[in-house]
Amino acid sequence: MCYNVEYLESRGKKYAERFNDILPRTWDRQSLSDELPTYYFVSGFSHPLLPIVKHDGIFLFEWGLIPSWVKDPSIAKDIRTKTLNAVGETVFEKPSFRKSISSQRCLFGVNGFFEWQHFNKAKYPHLIQTKRNKIFSLGCIYETWLDQSTGEIKNTFSILTTPANPLMEKIHNLKKRMPLILNQQDEQRWIEPSLNTEQIKALIKPYDQADMTSYTVSKIANTTKMDRNIPEIIEPFNFVELIDKNNSI
């Protein structure tokens, strides 16, 4: 799955430049703050506010989708911890996602994401990135939810996942999943609201491992009781036991 990411672009204009070819000319680029939240490591369970790319511009949405049909605020709070990801194979069937996948698709540009490899009852964190783009796009869906008791509006999103490619099978070796990473040439199609079901399904597939790179990082990434949003968390850290294991395969 994908619950933790690296997002380092603090300049709104620079982030917008990455998606300049697919953003509408009518979108007011000045509406995006030039000081975006940046994270060496951020967990979806903290429901951070992050910049997503829609067909009509870039907006700050909270990670953890709340379906529009939810009425009770306590249910909304609970459900968003379960909707950080949406399984690509069933996204059209699930009540929480089927409205959004049809016409409310977006992108979230990240610098990397974290995943864990299990070996000898221990967890080894990896940082995964793409070779081609410093900022690459995760395929997402979004929703707007109204708290009828207070009038508060929450804009939220979820990251789609797919079966793991061979590289991610080796890293995420228990659940064998990975986030939906979109080729740059498919980014505009993904956010086009008018795509039909078959066109959308054709885009939900594992990313080519040949354009991916990964390395192990410190087990600080495993520790929820300390601040993991530190520069050291994205530095390579070698584990001898994993090197020996991988060399024997």
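The values are calculated or read from the model by the stated rules, or taken from the named source; none is laboratory data. Computed from a predicted structure; not experimentally measured. Note: ideal-geometry Cβ built from the backbone for every residue, glycine included; neighbour counts use all protein chains shown.
General observations
- Any chance Thr224 is at pLDDT 95 or above and not in a helix (DSSP H, G or I): no
- Single residue of Phe61, Phe41 found to be in contact (Cβ under 8 Å) with a residue 12 or more places away in the chain, in contact with a Lys or Arg (Cβ under 7 Å, 6 or more places away or on another chain) and hydrophobic (A, V, I, L, M, F, W, C): Phe41
- Region 122-141, residues that are of a type in the set (S, T, N, Q) and farther than 28 Å from Lys99 by Cα: Gln129, Thr130, Asn133
- Neighbours by Cβ (under 8 Å, 6+ apart or cross-chain): first from region 1-19, closer than 22 Å to Ile234 by Cα and modelled with pLDDT under 90; second small (Gly, Ala, Ser) and crowded, with 20+ Cβ neighbours inside 10 Å: none
- Considering region 227-249, and only residues there that are of a type outside the set (Asp, Glu), outside any loop (DSSP other than H, G, I, E, B) and at pLDDT below 95, the residue that is farthest from Tyr3 (Cα to Cα) turns out to be Asn247.
- Pairs, first over 22 Å from Ile58 (Cβ atoms) in region 89-114, second among the aromatic types (Phe, Trp, Tyr) and surrounded by 20 or more Cβ atoms within 10 Å (Cβ to Cβ), C-beta under 7 Å, six or more apart: Val91/Phe97; Phe114/Phe41
- Taken over region 203-217, the criterion of being crowded, with 18+ Cβ neighbours inside 10 Å and part of a loop (DSSP other than H, G, I, E, B) is satisfied by Ile204, Pro206, Tyr207.
- Lys154 vs. criteria among the basic types (Lys, Arg), closer than 28 Å to Lys121 by Cβ and touching a residue at least 40 places away in the same chain (Cβ under 8 Å): no
- Positions within region 179-202 being small (Gly, Ala, Ser) and either without any contact (Cβ under 8 Å) to a residue 40 or more places away in the chain or part of a helix (DSSP H, G or I) (or both), in sequence order: Ala202
- Scanning region 1-31 for residues that are closer than 27 Å to Arg228 by Cα and either acidic (Asp, Glu) or touching a Pro at 6+ places or on another chain (Cβ under 7 Å) (or both) gives Cys2, Glu6, Glu9, Tyr15.
- Listed by position, the strands (runs of 3 or more DSSP E) enclosed by region 85-170 that each have at least 1 residues that are more than 30 Å from Val70 (Cβ to Cβ) are 112-119, 122-130, 136-146.
- Conditions (1) modelled with pLDDT under 95; (2) within 28 Å of Arg25 (Cβ to Cβ); number of the one not met by Leu195: (1)
- Tally, over region 29-58, of residues that are crowded, with 17+ Cβ neighbours inside 10 Å and assigned to a strand (DSSP E or B): 12
- Here Ser194, Ser218, Ser214 are screened, and the one residue that is within 14 Å of Tyr40 (Cα to Cα) and of a type in the set (Ser, Thr, Tyr) is Ser218.
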